[in-house]
Amino acid sequence: MEKKIAEINDQMLQSLFPDICEQEARAALLEHGTIMRVRQGDRMMEIGQHIRFMPLVVSGSLKVMREDQDGNELLLYYVQPGETCAMSLTCCMRDARSSVRAVAEEDTLILAIPVRYMDEWTSVFKSFKQFVMLTYQRRYDELLQTIDGIAFQRLDDRLLHALRDKSRAQANAVVHTTHQELANELNSSREVISRVLKQMERKNLLRLGRNRIELLVG
């Protein structure tokens, strides 16, 4: 990590994190936060790791995953600019080890807030507390969508939903990923994912390329 740099300022924080509306709260973030740069594919947070900071995503995106005892992964949600990770907040508050893995979906810039300030700032700054509570609510809603998808949706619907999420996270209709990565995220096999993608291509929902998928529907 490296100390804060000029490219992150109060105006940027106000634009990215409008729920943190108190200037004093943003000033505290800039004073005590530290820049973290995470390259695409690198792990920002690992299962079993103690979390020492709250990550505020400034640019790029993270994907948060669960893993079972056999090493199978399941995508829970993305963390995009202007957001933070609810799982990391929980670990910070409880001084607990992480139960999830966070991987950079693309090169990502994070403002890391040391955990020791969490209790104080949720008491002192009303808007910071509101930001934390809204984060929990939004992630809870997303987790319900994930559960509904597993329980009630067909694999092709789940796959299309996952591709749309990736497209939004990467801000591009062309999603750069592999069939194996999609299989890991959806707790399926590469062969099944490849077969479903071929079916979707025949329906003109997408166009397949090498490590890239172009969405043809919004």
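The values are calculated or read from the model by the stated rules, or taken from the named source; none is laboratory data. This is a predicted model, so every value here is computed, not measured. Protein only, heavy atoms only, side chains kept; ligands, DNA and RNA dropped before computing areas. Shrake-Rupley method; radii C 1.70, N 1.55, O 1.52, S 1.80 Å.
Annotations for the structure displayed:
- Between helix 126-152 and the chain there is an angle of about 20 degrees, using the helix long axis and the longest principal axis of the Cα atoms.
- Against the main long axis of the alpha-carbon atoms of the chain, helix 155-170 sits at an angle near 40°.
- Acute angle (nearest 10 degrees) that the helix 190-202 long axis makes with the longest principal axis of the chain, alpha-carbon atoms: 70
- Residues of the chain: accessible area per residue with a 1.4 Å probe, Å²: 53
- With all protein chains in place and a 1.4 Å probe, the accessible surface of the range 86-144 carries 52 percent carbon and sulfur.
- Full extension of the chain between residue 198 and residue 217 yields a length gain of 5.3 nm, computed as 0.36 nm times the residue separation minus the alpha carbon distance.
- Of 63, 126, 166, the one that fluctuates the most in a GNM where the chain has Cα springs shorter than 10 Å: 126
- Annotation for the range 85-109 versus the range 1-66: alpha-carbon center distance of 11 Å.
- Length released on extending from residue 10 to residue 156, taking residue separation times 0.36 nm less the Cα-Cα span: 48.3 nm
- Accessible area of the range 38-79 belonging to carbon and sulfur atoms, whole % at 1.4 Å probe: 37
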